[in-house]
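Please treat every number below as a calculation from the coordinates, not as lab data. In this text the structure is predicted, and so the values were computed from the model without any measurement. In this analysis, Cβ positions are derived from the backbone assuming ideal geometry, glycine residues included, and neighbour counts consider all displayed protein chains.
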2 protein chains.
Amino acid sequence: MQIITSVSEMQHYSDKIRINGNKIAVVPTMGYLHEGHLSLIRLAKQHCDVVITTIFVNPAQFSPEEDFEKYPRDLNRDISMCTSAGCDVVFAPDVAAMYNHNFLTFVSVDNISNKLEGTFRPSHFKGVTTVVAKLFNITKPHVAVFGQKDAQQTAVIKKMVKDLNFDIQIIVAPTVREPDGLALSSRNIYLTNGERKDASVLYKSLKLAEEEINNGENSVEIIKTKMIDLILSKPNFIIDYISFNDADTLEELGTIAGTPVLVSLAARIGKVRLIDNLVIKK
Amino acid sequence: MQIITSVSEMQHYSDKIRINGNKIAVVPTMGYLHEGHLSLIRLAKQHCDVVITTIFVNPAQFSPEEDFEKYPRDLNRDISMCTSAGCDVVFAPDVAAMYNHNFLTFVSVDNISNKLEGTFRPSHFKGVTTVVAKLFNITKPHVAVFGQKDAQQTAVIKKMVKDLNFDIQIIVAPTVREPDGLALSSRNIYLTNGERKDASVLYKSLKLAEEEINNGENSVEIIKTKMIDLILSKPNFIIDYISFNDADTLEELGTIAGTPVLVSLAARIGKVRLIDNLVIKK
């Protein structure tokens, strides 16, 4: 497996792959990889000849009070995990390679960036779409694979790809979970043992919503109340939001009229903020 | 010469050119071509195997009170001019092909988009950078050629290309002028005979600035006053701005400390708004 840190070297590498008629998949990550990321790499490998995993903790998607500096990093561990998952290239630039001294250009997706996570992290998705556009131009992929765990991110990126005519197929891979249902996340290592145990209640609340919908409950208000009761049965949880949305447009739903429905939530336990979601189909 | 109107067909065409190892140049235009555009096509042909001219009057760069509806269009004439200039493909999509019903994504370049033309046309460059990013993703060029006539546009696009890592070389071609110095523009057809005659004063004022700088005058205020006096010697002119800027950063200059200096102006005569500029080197 090859490790590339220079933008122009990465572009040159991808040009060569493409001119040979081979297909490139990119898996954009912020590193500190877990089994969820590896599942994306393996899925990418099924679709393409060459898989590039990008590892870059993107400052533009953190607000000043967020955990950019403290975000966990371990490039050597990431590289050996990428190798074992069948990745061909790790692209791991430093911040100076990605953001020049006088960086001024941003890609933004209106409306769907401002809901859900966007309410709590106002410039987050502008940072995400900007860096993903850059990574697309640097890695020149045919296919890009993202995890369903970041449901809103995938919706925002799909919209960017469509609107800006990126000739890239977006594949969304299912969320990988711990045996008790907790979605894998690089931030899970921040959890204390007790918090880690309680954190599984988030997935349980999503499964409760699924059960309610499957039983014919169509009031979002009623389902939400049951989810809140379940989550708050664990001490120390603060719920940022629980939301029921159209899975594509992210339009908020008050009533379950049809499916699929994206049920998503964000909650804080101690110093850790966790997100999770489930796309519910009848 | 081939005419393509579909986005996916254009992308497929460019993929084939690239996989054969050939180089693509794009010349983005709003059509109603003149000798200035043709000079860009000829220059593009010197750098690449295949030249794609895009012809698209982009609604996103016009404000509601501007001349989008009335902007001159003549696709058949444009096509025959492209053919004669050695263009290989005209990409001429309609508005629906470029902007889907629920278009939400924009590319913006802060700071340098807000000066000069940006003061008078606040969302203009956001429309330009968005459509140019789209056209880059659709035509997949190695090289893109723009005219110096739109000096700020070229600065904004160069910055976008650098910041978003588009792997595209930007070539800026010199402004083509009428014998009396008036810069060619699709909007010149709006001028009455008298206005057309007077309009050459704009270039004369730029040449006056050049002469002043070459004679050692370093006060922008003094040079500007002389330019204003010259322009307003013609009746009916309204000057939107005359500005002296660093040619790359567009930082405004109060004193001529060194060259090159971008001197640019916009003025209205009757119902027509004209822009022009000169990069002055000692």
| remark: The long-range amide H neighbours of A:Thr175, using H built 1.01 Å from N in the peptide plane and a cut-off of under 5 Å, are A:Gln148, A:Lys149
| task | Figure the gain on full extension for B:Thr255 and B:His12 (residue separation times 0.36 nm, minus the Cα-Cα span) and round it to one decimal in nm. | result | 82.4 nm
| query | Percent of alpha carbon pairs in the protein assembly as shown separated by more than 45 Å? | reply | 27 percent
| query | Which aspartates and glutamates does A:Lys282 reach when only Cα atoms under 13 Å apart count, and residues fewer than 8 places away in its own chain are ignored? | reply | A:Glu210, A:Glu211, A:Glu212, A:Glu217
| task | Grab the other residues whose beta carbon is less than 10 angstrom from that of A:Ala267, score K and R as +1, D and E as -1, and report the net. | result | +1
| field | Size of charge dipole - the stretch A:186-275 - debye, nearest 20, with Cβ of Lys, Arg +1 and Asp, Glu -1, no other charges | value | 720 debye
| request: Would you kindly derive the ³J(HN,Hα) couplings of the stretch A:276-281 from the backbone phi angles with the Karplus curve 6.51 cos²θ - 1.76 cosθ + 1.60 (θ = phi - 60°), listing them in order in whole Hz, with x for Gly and Pro? | output: 7, 6, 9, 8, 9, 10
| message | Quick check: the distance between the Cα centres of the stretch A:95-167 and the stretch A:203-282, to the nearest angstrom? | response | 25 Å
| field | Ranked packing of B:67-80, B:224-237, most packed first, by mean Cβ within 10 Å | value | B:224-237, B:67-80
| DSSP-defined beta bridges in chain A - what % are antiparallel, rounded to 5 | 50 percent
| note | Beyond 21 Å, the calculated P(r) of the stretch B:38-122 holds a percent of Cα-Cα pairs equal to 50 percent
| request: Give me a single rounded figure for B:131-143: the average over its residues of other chain Cβ atoms within 10 Å of their Cβ. | output: 3
| said: Can you order the peptides A:145-156, A:31-42, A:55-66 by their average number of other Cβ atoms within 10 Å per residue, highest first? | reply: A:145-156, A:31-42, A:55-66
| query | Tally Lys and Arg at +1 and Asp and Glu at -1 over the other residues with C-beta under 15 Å from the C-beta of B:Ala92: what net charge comes out? | reply | -2
| said: Just to confirm the numbers: A:Pro59, label point 7 angstrom along the Cα-Cβ line, distances to the other copies in nm, shortest first? | reply: 4.0
| field | For a label point 7 Å along the Cα-to-beta-carbon line of A:Asp110, residues of the stretch B:153-178 with backbone N under 20 Å | value | none
| In chain B, which cysteines lack any other cysteine Cβ under 4.7 Å from their own? | B:Cys48
| Hey, with R₀ at 22 Å, roughly what FRET efficiency would A:Asn193 and A:Lys271 work out to, going by the Cβ-Cβ distance, to 0.05? | 0.90
| note | Computed over the Cα atoms of chain B, the Rg and Dmax in Å are 19.1, 58
| request: Note down the relative contact order for chain B as a percent, whole number, built from C-alpha pairs under 8 angstrom at least six residues apart. | output: 17 percent
| request: Please give the net charge around B:Leu253, taking every other residue with its beta carbon less than 15 angstrom from that of B:Leu253, where Lys and Arg add +1 and Asp and Glu add -1. | output: -4
| field | Peptide-level mean, for B:94-103, of C-beta atoms on other protein chains within 10 Å | value | 2
| field | B:Phe68-B:Thr83 pseudo-label distance in nm [points 7 Å out on the Cα-to-Cβ vector] | value | 3.2 nm
| What is the diffusion coefficient of the stretch A:186-275 in µm²/s, taking the Kirkwood radius over Cα pairs and the Stokes-Einstein relation at 37 °C with a viscosity of 0.692 mPa s? | 240 µm²/s
| task | Count, for each residue of B:262-274, the Cβ atoms from other chains sitting within 10 Å of its Cβ, then give me the mean as a whole number. | result | 0
